[in-house]
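A short write-up of the structure that comes next.
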Amino acid sequence: MTKVYRIAIIGCGGIANGKHMPSLAKQSNAEMVAFCDVVEERAVEAKAKYGKEDAKVYTDYQEVLADKSIDIVHVCTPNDSHAEITIAALESDKHVMCEKPMAKTSEDARRMVEAAERTGKKLTIGYNNRFRADSQYLKKVCEDGTLGEVYYAKAHAIRRRAVPTWGVFLDEEKQGGGPLIDIGTHALDLTLWMMDNYEPKVVLGTSYHKLGQKENAANAWGPWDPQKFTVEDSAFGMIVMKNGATIVLESSWALNTTQVGEAKCTLSGTEGGADMWDGLSINGEKHSRLYEQKIELNSGGVAFYDGETEKDTDLEMRLWLEAIDQDKDPVVTPKQACVVSELLEAIYESARTGKAVYFE
């Protein structure tokens, strides 16, 4: 790759600082030339740490999009603004990586898909868990037929007590929900991708606001304010696909359980199974005996050295730029991400109405 892409960061908060900007800074064909945030100080700090010397700072994203020299925009804002900013960026002739979930509503997600198709620009969503070493290996296992037809799966996103108390995570209006749309979205995306199945038939969901009302609760980031905790603390869904496959999705920020894990999946197929609970494990039957195989994912082989591996978020950024440079589909396509949003919304709707939600 010879072209160096000029990138703008819109939203310079936690996810931009924790993932996008550090990983983009490692890419030789990327330079961050614009930083935008409603809190100007955050954009100024981001420029100082990651920007070119002549990089610009903005508080209005429309001014960013007016710069025709920018090739790519990364949208790292709250969920309720994903669609608005992404569509405007695509229409201003820019490729877009938008943070997960794709949008607050499925209607907005579909509008984003349509905008990408209409403009011909690349659009991807930040489902970085696809790029982990265990995920990459398991995807190959699924593709080579080791598991056969995967007809039952579980998508896991369970925290015992880890409610994010900063930003707008507890604000239903801005986020669209709690753990289901925040971390459940990662687990569901990972599971659908492994199964390569994006055709849902019916969804049944439940959600609970049981523990969010507790005062002075134990929590990884300190006690939450029950008055501000307006989203669910846990949510669960059962999804039946058109081919008959079943997916169980479980998500929580607060749940009385000791089996915890995020962005993991369990797969059961006609030839074998897999799970991510204690590292990556493949199981099946061979020569009339059951077996379980633990996959060694370290690249080392000598004492005190694990070898050099590419960090998942660095791989995510590298392959994203490669998709643009080589004019091919990104690893996470807009249509795939849209189905995730549609399923999340269906779980919320089913939980609210007490009825199953059927897809046409």
With N denoting the number of residues in region 1-55, provide Rg(C-alpha) divided by 2.2 N^0.38 Å, to two decimal places. 1.05
Just to be sure I understand the model, the point goes 7 Å from the Cα along the line to the Cβ. What's the resulting Q136 to N243 distance in nm? 2.6
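To the nearest 0.05, what FRET efficiency results for S28 and E143 with a Förster distance of 35 Å applied to their C-beta separation? Can you show the working numbers first?
On the way: r = 30 Å, r/R0 = 0.85.
Plugging the Cβ-Cβ distance into 1/(1 + (r/R0)^6) gives 0.75.
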On full extension of the chain, what length is gained from E285 through T230, given 0.36 nm per residue of separation minus the C-alpha to C-alpha distance? 15.1 nm
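How high is the relative contact order of region 1-148? Use alpha-carbon pairs under 8 Å, at least six apart in sequence, and give a whole percent.
So the answer I get is 19 percent.
Kindly work out what percent of the DSSP beta bridges joining two residues of the chain are antiparallel, to the nearest 5.
On the way: 39 of 66 bridges.
Approximately 60 percent, going by the DSSP bridge assignments.
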Would you list which lysines come within 19 Å of K140, measuring only between C-alpha atoms, while excluding same-chain residues fewer than 8 positions from it? K154, K264, K294, K311
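When the solvent-accessible surface of protein heavy atoms is calculated with a 1.4 angstrom probe, in what order do H74, H287 fall, highest first? Kindly include the intermediate steps, with their values, before the conclusion.
Values: H74 0, H287 165 Å².
Largest accessible area first, the residues go H287, H74.
Under a Cβ-only charge scheme (Lys and Arg +1, Asp and Glu -1), can you give me the dipole magnitude of the chain about the Cα centre, in debye to the nearest 20?
Working: 42 positive and 57 negative charges, 91 e Å.
Dipole about the Cα centre, nearest 20: 440 debye.
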Tell me the relative contact order for the chain as a rounded percent, counting alpha carbon contacts under 8 Å between residues six or more apart. 19
Averaged per residue, the 1.4 Å probe accessible area of region 1-79, protein heavy atoms only, in Å², is roughly 47
If you filter region 208-276 for trypsin sites (Lys or Arg not before Pro), then keep DSSP loop positions with at most 16 other Cβ within 10 Å, what is left? K210, K214, K228, K242
List the chymotrypsin sites (Phe, Trp or Tyr not before Pro) in region 85-172 that DSSP assigns to loop (not H, G, I, E or B) and whose Cβ has at most 12 other Cβ atoms within 10 Å. Which are they? W166
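Quick check: at a probe of 1.4 Å, how many percent of the accessible area of region 9-112 sits on carbon and sulfur atoms? Don't jump to the answer; show the numbers that get you there.
Numbers: 1960 of 4300 Å².
In region 9-112, the share of accessible area belonging to carbon and sulfur is 46 percent.
In what order, largest first, do R132, R118 sit by accessible area if the probe radius is 1.4 Å? Intermediate values should be presented prior to the final figure.
Values: R132 45, R118 125 Å².
Solvent-accessible surface, decreasing: R118, R132.
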Carbon plus sulfur fraction of accessible area for region 196-326, probe 1.4 Å, in percent: 46
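If I stretch the segment between N216 and A48 completely, what's the gain in nm (0.36 nm per residue apart, minus their alpha carbon distance), one decimal? Write out the running numbers ahead of the final one.
Values: separation 168, 0.36 × 168 = 60.48 nm, distance 3.80 nm.
Gain in length upon complete extension: 56.7 nm.
For region 1-78, which trypsin sites (Lys or Arg not before Pro) are in a loop by DSSP, counting at most 16 other Cβ atoms within 10 Å? Walk me through the numbers on the way to the answer.
Details: sites: K3, R6, K19, K26, R42, K47, K49, K52, K56, K68; in loops: K3, K26, K52, K68.
Those that pass, being in a loop and sparsely packed, are K3, K26, K52, K68.
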Mind telling me which of I295, I125, I282 comes out most flexible in a GNM of the chain, alpha-carbon contacts under 10 Å? I295
Quick one: 3J(HN,Hα) in Hz for region 256-272, Karplus 6.51/-1.76/1.60 with θ = phi - 60°, rounded, Gly and Pro as x. 7, 8, 10, 8, 10, x, 10, 6, 10, 9, 10, 10, 10, x, 6, 10, x
Let me cross-check E99: its accessible surface, 1.4 Å probe, with only protein heavy atoms counted, in Å² to the nearest 10? 10
Accessible area per residue in Å² at 1.4 Å probe, computed on region 124-275: 41
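Where both residues lie in region 1-123, what percent of DSSP beta bridges are antiparallel, nearest 5? Mind dumping the intermediate values first?
Values: 0 of 18 bridges.
Looking only at bridges with both residues in region 1-123, the antiparallel portion is about 0 percent.
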With +1 on each Lys and Arg Cβ and -1 on each Asp and Glu Cβ, and nothing else charged, work out how big the dipole of region 24-131 is about its Cα centre, in Debye to the nearest 20. 500
If you take the C-alpha gyration tensor of region 213-360, multiply each eigenvalue by 5 and take the square root, what semi-axes do you get, largest first, in whole Å? 32, 24, 23
Candidate residues R130, R289: accessible-area rank, largest first, probe 1.4 Å: R289, R130
For mean projected area of the Cα convex hull in nm², which listed value, (i) 28.1; (ii) 21.9; (iii) 20.4, comes from the coordinates shown? (iii)
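The values are calculated or read from the model by the stated rules, or taken from the named source; none is laboratory data. Everything numeric here is computed off the predicted structure, so don't read it as measured data. Virtual Cβ from ideal backbone geometry, glycine too; neighbours counted across all protein chains shown. For the accessible areas, the whole protein counts, side chains as well, though only heavy atoms, and no ligand, DNA or RNA atoms are used. Shrake-Rupley method; radii C 1.70, N 1.55, O 1.52, S 1.80 Å.
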